[in-house]
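Here is the structure we will look at, set down as structure tokens.
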Amino acid sequence: MAAKKIITDTIFLQQKSKTATRDDLKAAIDLKDTLIAQKEAAAGLAANMIGINKQIITFYFGSLPIVMLNPKIILASKKYSTKEGCLSLTGLRKTDRYQIITVEYQNINFEKQRQNFTGYVAQVIQHEVDHCHGRLI
């Protein structure tokens, strides 16, 4: 397991992440391993949170850690306001999210996928995709 240190440098975290390629598979595995190591504190992570400026996220779907490469939210509905925390930031912060989202992404085998998510999992994905775009809550 190659769990990494969580980055708290907001200047680095606000940079837009680059497209992930097959050369970034080790980074994707490290990110998933870091999520597993942070299971008590984190529902999801983005690669920039471990110092890798690539569009890779991981999150729990039930008890299963899922990795998405180059995720794009293509549909979103049922907007609501909430407060979120982040391992890279202190405290809770207000943000708007969507109850239902559709995401296009590549899985760990670089196969294109499209999937719908709802509720808390959708919220976590939106938070991590925001990280990929350099947006902090």
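Looking at VAL67, VAL124, can you tell me which residue is among the aliphatic types (A, V, I, L, M) and in a helix (DSSP H, G or I)?
Working: VAL67 fails: in a helix (DSSP H, G or I).
That would be VAL124, the only listed residue that is among the aliphatic types (A, V, I, L, M) and in a helix (DSSP H, G or I).
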Does any residue of region 68-90 turn out to be touching a helix residue (DSSP H, G or I) at 6+ places or on another chain (Cβ under 6 Å), at pLDDT below 95, closer than 20 Å to THR10 by Cβ and among the small types (Gly, Ala, Ser)? yes
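Could you tell me whether any residue of region 54-76 is of a type in the set (D, E, K, R) and out of contact with any strand residue (DSSP E or B) (no Cβ under 7 Å at 6 or more places or on another chain)?
First, pick out the residues of region 54-76 that are of a type in the set (D, E, K, R): 54, 72.
Applying the additional criterion that residues be out of contact with any strand residue (DSSP E or B) (no Cβ under 7 Å at 6 or more places or on another chain) yields none.
Scanning region 54-76 turns up no residue that is of a type in the set (D, E, K, R) and out of contact with any strand residue (DSSP E or B) (no Cβ under 7 Å at 6 or more places or on another chain).
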Inside region 35-69, can you point out the residues that are in contact with a Leu (Cβ under 8 Å, 6 or more places away or on another chain) and loosely packed, with under 15 Cβ neighbours inside 10 Å? ALA41
Is there any pair with a first residue in region 110-137 that is under 16 Å from SER77 (Cβ atoms) and basic (Lys, Arg) and a second that is part of a helix (DSSP H, G or I) and at pLDDT below 95 whose Cβ atoms are under 9 Å apart and which are 6 or more apart or on different chains, and what are they? none
Pull up region 70-100, narrow it to residues that are hydroxyl-bearing (Ser, Thr, Tyr) and outside any strand (DSSP E or B), then point me to the one that is surrounded by the most Cβ atoms within 10 Å (Cβ to Cβ). SER88
What number goes with the only condition from (1) of a type outside the set (A, V, I, L, M, F, W, C); (2) closer than 19 Å to ARG135 by Cα; (3) over 16 Å from the mean Cα position of the chain (by Cα) that PRO71 does not pass? (3)
Tell me yes or no: at least one residue of region 25-32 is in contact with a helix residue (DSSP H, G or I) (Cβ under 9 Å, 6 or more places away or on another chain), part of a helix (DSSP H, G or I), more than 22 Å from GLU111 (Cβ to Cβ) and without any contact (Cβ under 8 Å) to a residue 40 or more places away in the chain. no
Within region 33-52, track down each residue that is over 12 Å from the mean Cα position of the chain (by Cα) and in a loop (DSSP other than H, G, I, E, B). GLN38, LYS39, GLU40, ALA41, GLY51, ILE52
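The values are calculated or read from the model by the stated rules, or taken from the named source; none is laboratory data. Remember, predicted model here, so these are calculated numbers, not experimental data. Glycine also receives a Cβ, built like all others from the backbone with ideal geometry; neighbour counts cover every protein chain displayed.
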